[in-house]
Amino acid sequence: MDLKYHCPNCGTSLGYEGLCWKCKSEKERSEVLSWTQEQIAEKQEYLIQNIAGLEDFHDPEFTDFWNLLSYHDAITPQIQRAALAAKVYYPCETYYHAPEDVRDSLIAALLDANNANDAANLMSCLAMQGDDKVLETLLELEQNPRPWRKRLYVDPSVYAECGGWTFDKAGKRIQLNYDICYPLVKGKANEETPVKIGHLREDHCPHCGGNMADILVLDGRDDRLKFLGIDGILTATCCPNCVGFLEDGALNRFTLDGGSQPMPSKLFDGEEEMENYMSDEDYRLLSNHHFVLGEKPVPLFYGASCEDVNTVGGFANWVQDWEYVTCPQCGKDMKYLAQIQWDTLMDGTEGTLYIEVCPDCKIVSMKHQQT
């Protein structure tokens with residue numbers, strides 16, 4: 001199809017006049033990041049006065065909420081108390097690290113709940129609050145289930161995962177995400193960076209025959225990445241064509257000198273072969289972008305509400321539900337490491353790749369989600 005227009009910023013061919021969606025999103029984010037303290041305070045007050053609109057993603061309050069949380073870490077106890085008073089329990093991120101009085105009211109509401117849906121929403125909110133009293137409450141409900149548990153698919157320990165943590169049968173806390181977040185930003189060609197995306201390998205996928213790729217190479221020795229506790233290079237390897245069609249995602253072992261050994265994988269439905277939908281241009285784009293690690297950390301939810309931001313650490317933008325992979329060696333939940341938005345790398349693609357790690361076993365998992 002012959003497209004008449006081009007994005008004035010990046011030159012992408014379009015069927016309409018104006019910015020492409022990526023440049024539009026970047027422009028809007030830049031505008032939000034430039035808000036003054038007075039503007040932030042105005043948005044906070046407006047949200048408090050119109051808190052009921054938070055439950056409808058079509059309403060401006062929903063957009064204001066995510067702008068305040070993702071880019072300014074500016075959801076206050078006053079906003080959380082207003083949401084609680086209005087019984088607004090969505091999005092659950094509203095209650096991230098809420099004060100004790102809000103926590104206690106959420107626990108009381110959960111213990112009084114009779115409806116499974118109400119209980120699920122309240123457990124998600126408490127997971128975001130996430131302190132030791134929340135852990136004790138969810139552990140008690142897991143050991144002594146209420147009637148509504150029969151109408152839910154998973155235990156309270158799985159609801160805890162949406163807050164980036166969980167617990168074992170003995171009640172020991174297990175952290176599933178990192179409390180620092182860095183963005184990957186557009187840099188210059190050949191700019192040095194400790195995080196690289198999309199290096200093509202010489203070996204080929206056993207399912208489709210296409211090129212394997214080191215989809216993420218991360219040097220944990222960089223000062224910005226010391227919070228990861230990886231004293232060397234982590235390499236995450238997958239087939240970019242097949243990773244979204246693998247039954248358990250892609251797995252590989254890594255060595256701290258940069259080595260990577262892909263582990264056996266199975267396609268959905270027991271198939272052994274897969275068509276390679278990647279073109280030569282797709283491979284070229286995948287390996288020739290200019291993303292580099294940002295110089296400064298950003299709020300933990302920086303990449304949790306948009307489809308054009310790649311991040312290391314913090315919280316993910318789960319397209320479906322949160323999904324922590326079980327390490328095939330030790331049996332523990334892996335830890336969320338990074339997210340890569342496919343459409344930031346290649347044209348005409350969609351979905352997100354979530355990369356998790358078991359630091360003890362030096363195994364990486366890569367799972368794809370899309371609408």
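Check ASP257, ASP269 and return the single one that is farther than 26 Å from TYR96 by Cβ, modelled with pLDDT of 95 or more and surrounded by fewer than 19 Cβ atoms within 10 Å (Cβ to Cβ).
On the way: ASP269 fails: modelled with pLDDT of 95 or more.
Only one candidate qualifies: ASP257.
Give the residue, chosen from ARG103, ARG146, that is under 25 Å from the mean Cα position of the chain (by Cα) and over 23 Å from PHE62 (Cβ atoms).
Numbers: ARG146 fails: under 25 Å from the mean Cα position of the chain (by Cα).
Just a single option satisfies the conditions, and that option is ARG103.
Just to verify a result, which residue in the stretch 146-187, among those that are without any contact (Cβ under 8 Å) to a residue 40 or more places away in the chain and either among the acidic types (Asp, Glu) or touching a His at 6+ places or on another chain (Cβ under 6 Å) (or both), is surrounded by the most Cβ atoms within 10 Å (Cβ to Cβ)?
ASP155
Please verify whether the stretch 307-317 includes one or more residues that are more than 14 Å from the chain's Cα centre (by Cα) and not in a loop (DSSP other than H, G, I, E, B). Don't jump to the end; show me each part of the working.
Going residue by residue through the stretch 307-317, those that are more than 14 Å from the chain's Cα centre (by Cα) are none.
No, that holds for no residue.
Looking at the stretch 103-119 only, could you name the residues that are crowded, with 21+ Cβ neighbours inside 10 Å and among the hydrophobic types (A, V, I, L, M, F, W, C)? Steps first, please.
Within the stretch 103-119, the subset crowded, with 21+ Cβ neighbours inside 10 Å is 103, 106, 110, 119.
Of everything in the stretch 103-119, those that are crowded, with 21+ Cβ neighbours inside 10 Å and among the hydrophobic types (A, V, I, L, M, F, W, C) turn out to be LEU106, LEU110, ALA119.
What are the residues in the stretch 1-30 that are within 30 Å of CYS125 (Cβ to Cβ) and of a type in the set (Asp, Glu), if any?
Residue satisfying the conditions is GLU28 alone.
Return yes or no: is SER13 free of Cβ contacts under 8 Å to residues at least 12 places away in the same chain, under 29 Å from GLN129 (Cα atoms) and hydroxyl-bearing (Ser, Thr, Tyr)?
Values: free of Cβ contacts under 8 Å to residues at least 12 places away in the same chain: yes; under 29 Å from GLN129 (Cα atoms): no; hydroxyl-bearing (Ser, Thr, Tyr): yes.
No.
State the number of residues belonging to the stretch 151-188 that are over 25 Å from ASP223 (Cα atoms), in contact with a Ser or Thr (Cβ under 9 Å, 6 or more places away or on another chain) and among the small types (Gly, Ala, Ser).
Residues that pass the stated criteria total 3.
Can you tell me how many residues within the stretch 254-292 are in contact (Cβ under 8 Å) with a residue 24 or more places away in the chain, part of a loop (DSSP other than H, G, I, E, B) and of a type in the set (Gly, Ala, Ser)?
3
Conditions (1) farther than 20 Å from ARG224 by Cβ; (2) crowded, with 18+ Cβ neighbours inside 10 Å; (3) assigned by TED's automatic domain parsing to the domain that holds TYR283, marked per residue:
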residue: ASN310; (1), (2), (3): no, yes, yes
residue: GLN320; (1), (2), (3): yes, no, yes
residue: TYR324; (1), (2), (3): yes, yes, yes
residue: GLU350; (1), (2), (3): yes, no, yes
residue: LEU353; (1), (2), (3): yes, yes, yes
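Given ILE40, ILE48, ILE75, which one is closer than 26 Å to GLY313 by Cβ and not in a loop (DSSP other than H, G, I, E, B)? Give the derivation first.
Working: ILE48 fails: closer than 26 Å to GLY313 by Cβ; ILE75 fails: not in a loop (DSSP other than H, G, I, E, B).
Just a single option satisfies the conditions, and that option is ILE40.
Do we have any residue at all in the stretch 121-131 that's in the same structural domain as PRO156 (by TED's automatic domain parsing), among the acidic types (Asp, Glu), touching a residue at least 24 places away in the same chain (Cβ under 8 Å) and out of contact with any Pro (no Cβ under 7 Å at 6 or more places or on another chain)?
As a first pass, look at the stretch 121-131 and keep what is in the same structural domain as PRO156 (by TED's automatic domain parsing): 121-131.
Add one more test, that the residue is among the acidic types (Asp, Glu), and what stays is 131.
Still in the list and also touching a residue at least 24 places away in the same chain (Cβ under 8 Å): 131.
From what is left, the residues that are out of contact with any Pro (no Cβ under 7 Å at 6 or more places or on another chain) are 131.
Yes, there is a match, as at least one residue in the stretch 121-131 is in the same structural domain as PRO156 (by TED's automatic domain parsing), among the acidic types (Asp, Glu), touching a residue at least 24 places away in the same chain (Cβ under 8 Å) and out of contact with any Pro (no Cβ under 7 Å at 6 or more places or on another chain).
Can you tell me which residue in the stretch 324-347 is farthest from SER365 (Cα to Cα), limited to those that are under 12 Å from the mean Cα position of the chain (by Cα) and touching a residue at least 60 places away in the same chain (Cβ under 8 Å)? Lay out the reasoning, then the answer.
Initially, the stretch 324-347 is screened for residues under 12 Å from the mean Cα position of the chain (by Cα), giving 324, 335-341.
From the residues that got through so far, the ones that are touching a residue at least 60 places away in the same chain (Cβ under 8 Å) too are 324, 335-338, 340.
Working: TYR324: 9, LYS335: 9, TYR336: 9, LEU337: 10, ALA338: 11, ILE340: 13 Å.
The qualifying residue farthest from SER365 (Cα to Cα) is ILE340.
I'm trying to understand the selection: among the residues of the stretch 202-226, which are part of a strand (DSSP E or B) and either β-branched (Val, Ile, Thr) or loosely packed, with under 15 Cβ neighbours inside 10 Å (or both)?
Our first condition is that a residue be part of a strand (DSSP E or B); within the stretch 202-226, this holds for 202-204, 211-219.
Once the filter is applied, which keeps residues that are part of a strand (DSSP E or B) and either β-branched (Val, Ile, Thr) or loosely packed, with under 15 Cβ neighbours inside 10 Å (or both), the stretch 202-226 yields GLU202, ASP203, HIS204, ILE215, VAL217.
Determine, yes or no, whether ASP280 is farther than 25 Å from THR311 by Cβ, surrounded by fewer than 19 Cβ atoms within 10 Å (Cβ to Cβ) and not aliphatic (A, V, I, L, M). Explain how you work it out, then say what you get.
Details: farther than 25 Å from THR311 by Cβ: yes; surrounded by fewer than 19 Cβ atoms within 10 Å (Cβ to Cβ): yes; not aliphatic (A, V, I, L, M): yes.
Answer is yes for this residue.
Only one residue in TYR90, TYR96, TYR46 is surrounded by fewer than 18 Cβ atoms within 10 Å (Cβ to Cβ), aromatic (Phe, Trp, Tyr) and under 25 Å from ALA127 (Cα atoms), so which one is that? Working first, answer last.
On the way: TYR96 fails: surrounded by fewer than 18 Cβ atoms within 10 Å (Cβ to Cβ); TYR46 fails: under 25 Å from ALA127 (Cα atoms).
Result of the check over TYR90, TYR96, TYR46: TYR90.
The values are calculated or read from the model by the stated rules, or taken from the named source; none is laboratory data. Quick caveat: nothing in here was measured; it's all calculated off a predicted structure. Positions of Cβ are backbone-derived with ideal geometry, glycine not excepted, and every protein chain shown enters the neighbour counts.
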